[in-house]
1. Quick one: grab Rg to one decimal and Dmax as a whole number for the chain, Cα atoms only, in Å.
2. If you fit an axis through the alpha-carbon atoms of helix 12-30 and take the longest principal axis of the Cα set of the chain, what angle between them do you get, 0 to 90°, nearest 10?
3. If the elastic network links every pair of Cα atoms under 10 Å, which of 55, 34, 19 fluctuates the most in the Gaussian network model of the chain?
4. Only Lys, Arg, Asp and Glu count, each charged at its Cβ (+1, +1, -1, -1), so figure out the dipole size of the chain about its Cα centre, rounded to 20 debye.
5. Sum up the charges of everything whose Cβ sits under 14 Å from the Cβ of residue 78, counting Lys and Arg as +1 and Asp and Glu as -1, but leave residue 78 out.
6. At 0.36 nm per residue, minus the direct Cα-Cα distance, what do residue 27 and residue 8 gain on full extension? Give it in nm, one decimal, please.
7. Would you kindly state how much longer the chain becomes between residue 20 and residue 45 on full extension, computed as 0.36 nm times their sequence separation minus their alpha carbon distance, in nm to one decimal?
Amino acid sequence: MYRRGAIASSSLEALAASVRNELDMLALQLAQPVEYAALTTLYAAPSRIFEGMIVKADGATWDPGAGAGIYGRIGGAWVQLG
């Protein structure tokens, strides 16, 4: 889990080094696999849709095809995953 570190501000060089270090730490954390993902139930289609996204639809106000559940955007279509 990422925890913000101290940011040096004694000089521009120290500030740049601190920011670089924080970005490196963030990149390392984002590259690690996670044990779970918590999805928010959507009641309308997302405003930005892209290939490979995973969403949880309520199935009533927004039904991507087969009722409530988890959907993935695959081949330009919503596919129910579970």
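Nothing in this text is a laboratory measurement; each read-out follows from the coordinates by a stated rule. Every value quoted in this text rests on a predicted model; they were computed, and no experiment measured them. Methodologically, a virtual Cβ is constructed for each residue, glycine included, from the backbone with ideal geometry; neighbour enumeration extends over all protein chains shown.
1. When restricted to Cα atoms, the chain yields Rg and Dmax of 19.4, 58 Å.
2. For 12-30 against the chain, the angle is about 30 degrees.
3. Answer for the Gaussian network model of the chain: 19.
4. Details: 6 positive and 7 negative charges, 13 e Å.
Value, rounded to 20: 60 debye.
5. On the way: positive: 56, 73; negative: 51, 58, 63.
Charge balance near residue 78 sits at -1.
6. Values: separation 19, 0.36 × 19 = 6.84 nm, distance 1.97 nm.
My answer for the length gained is 4.9 nm.
7. Values: separation 25, 0.36 × 25 = 9.00 nm, distance 3.67 nm.
Extending this stretch completely gives an extra 5.3 nm.
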